[in-house]
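First up is the structure itself, then whatever we jot down about it.
The values are calculated or read from the model by the stated rules, or taken from the named source; none is laboratory data. Computed from a predicted model, the values in this text were never measured in an experiment. Backbone-built Cβ (ideal geometry, glycine too); neighbour counts: all protein chains shown. Side chains included, ligands, DNA and RNA excluded: accessible areas come from the protein's heavy atoms. Shrake-Rupley method; radii C 1.70, N 1.55, O 1.52, S 1.80 Å.
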Amino acid sequence: MRKKKGKNRGMKYRFLKDKLWVYLGTFTLPVFLLGMLFLSLIYVQERGKVQEKMGNSLELAARHMDSFISDSTAFQIYLGSGQRMGQFFRIFHSDSIDFESGIALKFLSAYMVALKSSRTDIHSVYFYLDNEDGRIITSEDNIETLGSGLADDEWLDPLLTMKGNETRAVVRGMPGSGYEKDVEMFSLFRRFPNYKGGIVINYALEEQKERLRQTAAFEKQYMMVADSAGQLLFSNYELGEEEQKMLSLWLAGQDEKGTVALNGRRWLIERAYEETGAFCVVTMVPYAVVNQILFSNMRIFIFLVPVLTMASAFLAYYRTRRNYEQLDEIIDIFDRAEKKLSLPEEHAGKDSVYGEILNNIIRTFLRNNQLQMQLAERKNRQTAAQLQALQYQINPHFLFNTLQAINYEILAISEGEYGNANRMVEDLSDMLRYSLDSFGQEVTVREEVENCKKYVDIQKMREDRSFAVEWEIDPRVEKQRIRRLLLQPLVENAVSHGLKYRENGRLRIAIRPEGGNVVFKVVDNGKGIAREELRQIRSRLEEGLKEELEIEHIGLQNVNQRLILTYGETAALRVLSRESVGTIQLFRLPFRAEEGENILGQGEREPRPGSLRKEAPEEEG
């Protein structure tokens, strides 16, 4: 291989510079994009996992808070009878208690003690109906008096201001006994719908906070309980005043989940209400939890980036240098071919793309003459296919001249009287002249139809056959130019095969415009074609140029091949038939008006589906 220097050195430098960046981007960019996609998928996946765990924590906390409502509901159901409530109303307003009321009071006290004992976090239970003496029934003693016997009286005013069957949750301080400090309580108020009073259940607040801590799935996850107005009641971790304000703003909205900013940090937040709406459970997790997982994966990605970049740079340089060498080799082969120098028979680098290109160039150069011969052979085949319509006769010029002599002889014998024999000879002579006259040139539809009429006249006179012929030729298409001898073989097929054994036979030749096409149709009411034979005919026609012509249907196949060669697959011949009904032969050609003007106009439309079947036999198969 010649090594070119000088001018090729500058080209080599430019090629290496340009292609090196292309290959470097090709190798590096997918790695970077896949890495970003990988991190995005991890981020979405991990955020989904965090939200799923938040939902689980929220569900556990909500179930625990729902149990508070269940306690008060059970108590209210116990007191639900109007007769029983009336009995307790009399106890609260009477100075003496009769035997029956004493029994009821004893059972109520036992129920309240049992309710308190059922849970370790219940501090006390109050049952109150408004009375002048300030009497109250507690889970500690049967009846106490506010102020003297029971120091805890801060719950009374909130209870009496409630309406209907309202439920309210409050965090408050309960006075300690003796020297003990006040105890924070989570108190649930449940008002009676028909009496002024209700139930108060006091839960130890610290135990509720501990329960929220246990339901948290993450170390920095906030679990909170807020009232119906969106005010924070308590949480597992203390929140500052500013944070509580921001949280209250979000709780005032209607969203069940979203994000909130507290102290410059973004949090994922979600809430769930208990069934009465007295309070809701809220959970928050900082975005840092998700980002921490993302950053741990990014460290791996950041470590891999320089390694992959270096590897990509090495591969890019190697591929660029290799491509230049292969392109230089291709240029050298073109130079040798231009100078008519010998080329190597085969290139060694078959496994590479450039090696395959080189081999193709070599094969193309060496086989150029062979390709030219193949092209010439293809043209000969096309010409042969067009001329096969004329291969029915041997030496047609000789036959034409002989027919002229026979015509004169008939006139001599008949003493100049012009008869059917003369007409048959003259029509046959005209048909031969039409067939031989510049076969490759196109003719008008009118000329093709006139030739077909001569053939029909000969058939009628030759066998004294009687069949009706209808010619429906639209005047707008008479000047359409087509290949000659496209219509006559179809008419011959209809007469020779369809109407041969048919009495009162009818033959219709229709040529009319449809849309942007001209439709040629030959319809007969002859014997039709059996289903299997029709399938075979169609199969041979569908093969188009691949199928060799068969003697039995050479006319159909010849017309079909010339239609496809000249006008394309859309012009292929179609055959529709039903046995004992008749046959339709049709094809479509693109309309070509004189001087390119489309005389069909814009209003001409394609026929509706099925219009052919209204005028022709139904298709078999």
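Summary table below
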read-out	value
Number of the condition not met by Val477 [criteria: (1) farther than 16 Å from Gln585 by Cα; (2) surrounded by 14 or more Cβ atoms within 10 Å (Cβ to Cβ); (3) of a type in the set (Val, Ile, Thr); (4) modelled with pLDDT under 90]	(4)
Number of positions in the stretch 152-171 that are surrounded by 13 or more Cβ atoms within 10 Å (Cβ to Cβ) and assigned to a loop (DSSP other than H, G, I, E, B)	6
Test: Leu499 is open to solvent by less than 40 Å² (accessible area, probe 1.4 Å), of a type in the set (A, V, I, L, M, F, W, C) and closer than 17 Å to Arg574 by Cα	no
Options Ile97, Ile91: the member that is in contact with a helix residue (DSSP H, G or I) (Cβ under 8 Å, 6 or more places away or on another chain), surrounded by 15 or more Cβ atoms within 10 Å (Cβ to Cβ) and not in a helix (DSSP H, G or I)	Ile97
Enumeration of residues in the stretch 226-272 that are surrounded by 15 or more Cβ atoms within 10 Å (Cβ to Cβ) and among the hydroxyl-bearing types (Ser, Thr, Tyr)	Ser228, Ser235
The one condition in (1) open to solvent by 50 Å² or more (accessible area, probe 1.4 Å); (2) at pLDDT below 75 that Gln326 fails to fulfil	(1)
Which numbered condition Val491 fails, given (1) open to solvent by 40 Å² or more (accessible area, probe 1.4 Å); (2) in contact (Cβ under 8 Å) with a residue 12 or more places away in the chain	(1)
Residue, modelled with the lowest pLDDT, within the stretch 211-225, restricted to residues that are among the hydrophobic types (A, V, I, L, M, F, W, C) and open to solvent by 20 Å² or more (accessible area, probe 1.4 Å)	Phe218
The stretch 181-210: number of residues that are part of a strand (DSSP E or B) and open to solvent by 10 Å² or more (accessible area, probe 1.4 Å)	5
Subset tally (residues that are farther than 23 Å from Pro193 by Cβ and at pLDDT 85 or above) for the stretch 111-138	11
Within the stretch 519-621, helices (runs of 4 or more DSSP H) holding 3 or more residues that are surrounded by 22 or more Cβ atoms within 10 Å (Cβ to Cβ) and modelled with pLDDT of 90 or more	554-567
Scope the stretch 100-123; condition touching a residue at least 40 places away in the same chain (Cβ under 8 Å) and in a helix (DSSP H, G or I); matching residues	Leu115
Subset of the stretch 233-255 [closer than 19 Å to Pro286 by Cβ and under 39 Å from the mean Cα position of the chain (by Cα)]	Asp255
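Table: residues versus (1) at pLDDT 70 or above; (2) within 28 Å of Arg562 (Cα to Cα).
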site	(1), (2)
Tyr392	no, yes
Asn395	no, yes
Leu399	no, yes
Leu403	yes, no
Leu411	yes, no
Asn420	yes, no
Arg423	yes, no
Leu428	yes, yes
